[in-house]
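Contents: one structure, followed by commentary.
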Amino acid sequence: MGINRTFQIPRVFPDLSVLENLLALYTSKAISEEEAINTLDLVGLYDKRDQPAKNLTAAESRKLELARALVMKPKLLFLDEPVAGLTLTEMEEVAELLRQVHREGTTLCIIEHTLKFIFDLVERVIVFHVGKKLAEGKPQEVAEDEKVIEVYIGGKYVAEA
């Protein structure tokens, strides 16, 4: 249906190679090795394609999780905390990758608690608290919303110009 997702905790097959992790996933639509390799190149894991997934760093495992979703070329991609536990540099790498994916036509729906990452990445933010919508709008508008500040930020967030 053109929809895929990532998981908060990457779900890789540790004993399979990075490439095999992509090829082994989908039975309803065969993934060619070329498609898998192109996707690994896109996420920056081409050089790791023959290594067992268990040898990847946390950031690389997140990229493999993303590659596993992207290899199907979804029109809509749900991402569950794609930068949890990553460094600022790794977050920016993921942000640039997601920008590229979006430019190529994939709609992204991201659940994320790292405000700087999300505010710098998206065009529109919806904030939920205890299962109810707390705020919605452009990142700067949401960042200045008193309810959001009280519940999530604890102080003013100033977006970089």
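Summary table
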quantity	calculated
Residues (part of a helix (DSSP H, G or I) and over 10 Å from the mean Cα position of the chain (by Cα)) located in region 71-100	Leu88, Thr89, Glu90, Glu92, Glu93, Glu96, Arg99, Gln100
Any hit, region 24-43, residues being part of a helix (DSSP H, G or I), touching a helix residue (DSSP H, G or I) at 6+ places or on another chain (Cβ under 8 Å) and closer than 11 Å to Asn4 by Cβ	no
Subset tally (residues that are within 21 Å of Arg5 (Cα to Cα) and free of Cβ contacts under 8 Å to residues at least 12 places away in the same chain) for region 44-56	0
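Each row is one residue, and each column tells you yes or no for (1) basic (Lys, Arg); (2) without any contact (Cβ under 8 Å) to a residue 24 or more places away in the chain; (3) touching a Gly at 6+ places or on another chain (Cβ under 8 Å).
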position: Ala59; (1), (2), (3): no, no, no
position: Glu65; (1), (2), (3): no, no, no
position: Leu70; (1), (2), (3): no, no, no
position: Glu93; (1), (2), (3): no, no, yes
position: Leu115; (1), (2), (3): no, no, no
position: Phe119; (1), (2), (3): no, no, no
position: Val125; (1), (2), (3): no, yes, yes
position: Lys133; (1), (2), (3): yes, yes, no
position: Lys147; (1), (2), (3): yes, yes, no
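The numbers here are math on the coordinates, done by the rules we state, and not lab data. Keep in mind that this is a model prediction, so the values were computed, not measured. Cβ coordinates were reconstructed from backbone atoms using ideal geometry, including for glycine residues, and neighbour counts include every protein chain displayed.
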